[in-house]
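A quick write-up on the structure given underneath.
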Amino acid sequence: QVQLVESGGGLVQAGGSLRLSCAASGRSRYFMAWFRQAPGKEREFVAAITSIGGNTYYADSVKGRFTIYRDYAKNTAYLQMNSLKPESTAVYFCAASLAAQAMGVPEAGRYDYWGQGTQVTVSS
C-alpha cells in the first residue's frame with residue numbers, strides 16, 4: 001500500500017508563499033498531482049507532474065503562480081505556491097497514480113492513492 005505524507009501547509013497573508021511537500025512510500029515512480037478542496041466546494045485539480053520526464057500541468061487559476069516539481073531521489077513532489085490569494089484557502093491533497101500516460105490528468109478518479117490533506121489558509 002502506497003502512503004503519501006503531505007506537509008508544509010499553514011497560515012499566510014495574501015501575496016505570500018508556501019511550499020507543500022508530498023513524500024511517497026515505495027520505490028515506484030508515480031504520476032503525482034495536487035488537488036484542493038475549499039469548504040462547501042468540490043475537490044479541484046491544481047497541478048500534476050509526470051512520472052517520467054517531469055512534464056507539468058496546471059489549472060488555469062494557478063498558472064504563473066504555482067510550480068510543481070519533484071525530487072526522484074526522495075520520491076517527493078512539491079508544490080511551490082507564490083502570490084497566494086484568499087481564494088487559495090483550502091485543504092490541499094496530494095495524489096499519485098501508477099499510470100504513466102497523461103490522460104485524464106485533472107480527474108480525481110485517475111489517481112490511485114491520496115494523502116490526508118494539509119490546510120492552507122490565506123488571510124486578506
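Summary of values
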{"read-out": "Residue satisfying all of: in segment 1-26; assigned to a loop (DSSP other than H, G, I, E, B) and among the small types (Gly, Ala, Ser); surrounded by the most Cβ atoms within 10 Å (Cβ to Cβ) among these", "value": "Gly9"}
{"read-out": "Selection count, segment 27-74, where residues are of a type in the set (S, T, N, Q) and part of a loop (DSSP other than H, G, I, E, B)", "value": "5"}
{"read-out": "Pairs where the first residue, in segment 8-32, is on the phi < 0 side of the Ramachandran plot and the second is part of a strand (DSSP E or B) and among the charged types (D, E, K, R), C-beta under 6 Å, 6+ apart", "value": "Cys22/Glu6"}
{"read-out": "Any hit, segment 96-109, residues being without any contact (Cβ under 8 Å) to a residue 24 or more places away in the chain, out of contact with any His (no Cβ under 6 Å at 6 or more places or on another chain), assigned to a loop (DSSP other than H, G, I, E, B) and charged (D, E, K, R)", "value": "no"}
{"read-out": "Test set (1) open to solvent by 90 Å² or more (accessible area, probe 1.4 Å); (2) modelled with pLDDT under 95; (3) among the charged types (D, E, K, R) - Glu42 fails condition number", "value": "(2)"}
{"read-out": "Per-region count, segment 79-108, residues under 11 Å from the mean Cα position of the chain (by Cα) and open to solvent by less than 20 Å² (accessible area, probe 1.4 Å)", "value": "6"}
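The values are calculated or read from the model by the stated rules, or taken from the named source; none is laboratory data. Just so you know, these numbers come straight off a predicted model, no measurement behind them. Ideal geometry is used to build each Cβ from the backbone, glycine not excepted, and the neighbour counts take in all protein chains shown. The area values use the complete protein model at the heavy-atom level, side chains included, leaving out ligands, DNA and RNA. Shrake-Rupley method; radii C 1.70, N 1.55, O 1.52, S 1.80 Å.
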